[in-house]
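One structure is given below, encoded as structure tokens.
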Amino acid sequence: MRQITHHLPDWLIRSYAAGSLEHAFSLVVASHVSQCDECRARLEAEETAGGVILEQLEQTEVTGDLRTRVFEQLDVAEPITTPDPAPSGIYPGALVAEMGSQTPRWRSLGNGIKQAILSADKRGSARLLYIPAGKAVPDHTHGGLELTLVLQGSFSDETGTFGVGDVEVAEDDLDHTPMAGPGEACICLAATDAPLRFHGLIPRLLQPIFRI
């Protein structure tokens with residue numbers, strides 16, 4: 001198995017362990033952790049530390065009204081995606097569960113690049129990207145956070161080269177032009193909490209149609 005060299009930062013693992021990440025980002029974290037021994041160990045350490053802290057908290061009496069409201073929120077809350085040891089092909093188990101099948105519903109973005117939107121709402125979106133070898137995503141910056149996990153092939157940008165299992169954490173100060181490496185096409189799982197900011201006119205005009 002390839003050595004993973006780009007890992008999740010501590011704050012992302014801590015937020016995932018606490019259940020405070022939005023669904024799209026949780027999907028990327030769960031998929032990466034299922035492939036990365038180092039990050040899985042760090043997640044387990046965070047979960048253990050969280051359990052110790054909870055055990056040390058003093059118990060507080062909860063009123064009947066507060067208890068009712070808490071259980072009502074639990075009924076409507078989205079389940080947190082957790083690492084799944086049963087992958088299918090290049091797709092980690094958590095991603096297979098999200099897709100509901102083993103075949104992504106690809107939609108062409110032009111120049112051979114395709115995407116399959118997995119989830120999208122006001123809090124963020126998660127999508128698969130298919131980039132043919134040697135092709136590049138138009139240069140852009142970000143309106144927020146973007147996590148990109150490589151599932152097949154590789155890509156490179158101004159920050160380095162990312163292969164299978166690597167995850168890039170791009171914040172709003174990163175201006176880059178991701179390009180798929182040689183060989184097989186690059187397939188990535190990407191999550192964002194705001195639309196990308198493309199520099200070119202045509203990508204900006206097409207952006208509302210492609211929802212990226």
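Please go through the stretch 136-147 and pick out each residue that is over 17 Å from the mean Cα position of the chain (by Cα) and either open to solvent by less than 30 Å² (accessible area, probe 1.4 Å) or closer than 22 Å to Gly165 by Cβ (or both).
Quick first cut of the stretch 136-147, residues over 17 Å from the mean Cα position of the chain (by Cα) only: 136-141.
Matches in the stretch 136-147: Ala136, Val137, His140, Thr141.
Pairs please, first residue from the stretch 168-185 and open to solvent by less than 30 Å² (accessible area, probe 1.4 Å), second anywhere and modelled with pLDDT under 85, Cβ atoms under 6 Å, 6+ apart in sequence or on different chains.
The qualifying pairs are Ala170/His142.
Are there any pairs with C-beta distances below 9 angstrom linking a residue in the stretch 1-13 that is assigned to a helix (DSSP H, G or I) to a residue that is among the acidic types (Asp, Glu), with the two at least 6 apart or on different chains, and if so which?
Asp10/Glu46; Ile13/Glu46
What is the one condition in (1) surrounded by 12 or more Cβ atoms within 10 Å (Cβ to Cβ); (2) within 19 Å of Thr192 (Cβ to Cβ); (3) modelled with pLDDT under 75 that Pro83 does not satisfy?
Unmet for Pro83, out of (1) surrounded by 12 or more Cβ atoms within 10 Å (Cβ to Cβ); (2) within 19 Å of Thr192 (Cβ to Cβ); (3) modelled with pLDDT under 75: (2).
Can you find, within the stretch 155-165, the residue that is farthest from Cys36 (Cα to Cα) among those that are open to solvent by less than 30 Å² (accessible area, probe 1.4 Å) and out of contact with any Lys or Arg (no Cβ under 9 Å at 6 or more places or on another chain)? Explain how you work it out, then say what you get.
Going through the stretch 155-165, the residues open to solvent by less than 30 Å² (accessible area, probe 1.4 Å) turn out to be 155, 157, 160, 162-163, 165.
Next cut, out of contact with any Lys or Arg (no Cβ under 9 Å at 6 or more places or on another chain) only: 155, 157, 160, 162.
Working: Phe155: 19, Asp157: 22, Gly160: 19, Phe162: 14 Å.
The qualifying residue farthest from Cys36 (Cα to Cα) is Asp157.
Just name the residue that is surrounded by the most Cβ atoms within 10 Å (Cβ to Cβ) out of those in the stretch 111-120 that are of a type outside the set (A, V, I, L, M, F, W, C) and either touching a helix residue (DSSP H, G or I) at 6+ places or on another chain (Cβ under 8 Å) or not in a strand (DSSP E or B) (or both).
Within the stretch 111-120, the first condition is being of a type outside the set (A, V, I, L, M, F, W, C), and the residues that meet it are 111-112, 114-115, 119.
Restricting the remaining residues to those that are either touching a helix residue (DSSP H, G or I) at 6+ places or on another chain (Cβ under 8 Å) or not in a strand (DSSP E or B) (or both) gives 111-112, 115, 119.
Working: Asn111: 12, Gly112: 14, Gln115: 21, Ser119: 16.
Looking at the filtered set, the residue picked out is Gln115.
How many residues does the stretch 136-179 hold that are charged (D, E, K, R) and at positive phi?
We begin by selecting, within the stretch 136-179, every residue charged (D, E, K, R); these are 139, 146, 157-158, 166, 168, 171-173, 175.
So of that shortlist, the ones also at positive phi come out as none.
So the answer is 0.
So which of Val96, Val150 is surrounded by fewer than 20 Cβ atoms within 10 Å (Cβ to Cβ), modelled with pLDDT of 90 or more and within 30 Å of Thr177 (Cα to Cα)?
Working: Val150 fails: surrounded by fewer than 20 Cβ atoms within 10 Å (Cβ to Cβ).
Of the residues listed, the single one that is surrounded by fewer than 20 Cβ atoms within 10 Å (Cβ to Cβ), modelled with pLDDT of 90 or more and within 30 Å of Thr177 (Cα to Cα) is Val96.
Suppose the filter is in contact (Cβ under 8 Å) with a residue 12 or more places away in the chain and assigned to a strand (DSSP E or B); does Leu147 pass it?
Working: in contact (Cβ under 8 Å) with a residue 12 or more places away in the chain: yes; assigned to a strand (DSSP E or B): yes.
Spelling it out, Leu147 is indeed in contact (Cβ under 8 Å) with a residue 12 or more places away in the chain and assigned to a strand (DSSP E or B).
The values are calculated or read from the model by the stated rules, or taken from the named source; none is laboratory data. Nothing here was measured: the structure is a model prediction, and the numbers come from that model. Virtual Cβ from ideal backbone geometry, glycine too; neighbours counted across all protein chains shown. These accessible areas exclude ligands, DNA and RNA; they are computed on the full protein's heavy atoms, side chains included. Shrake-Rupley method; radii C 1.70, N 1.55, O 1.52, S 1.80 Å.
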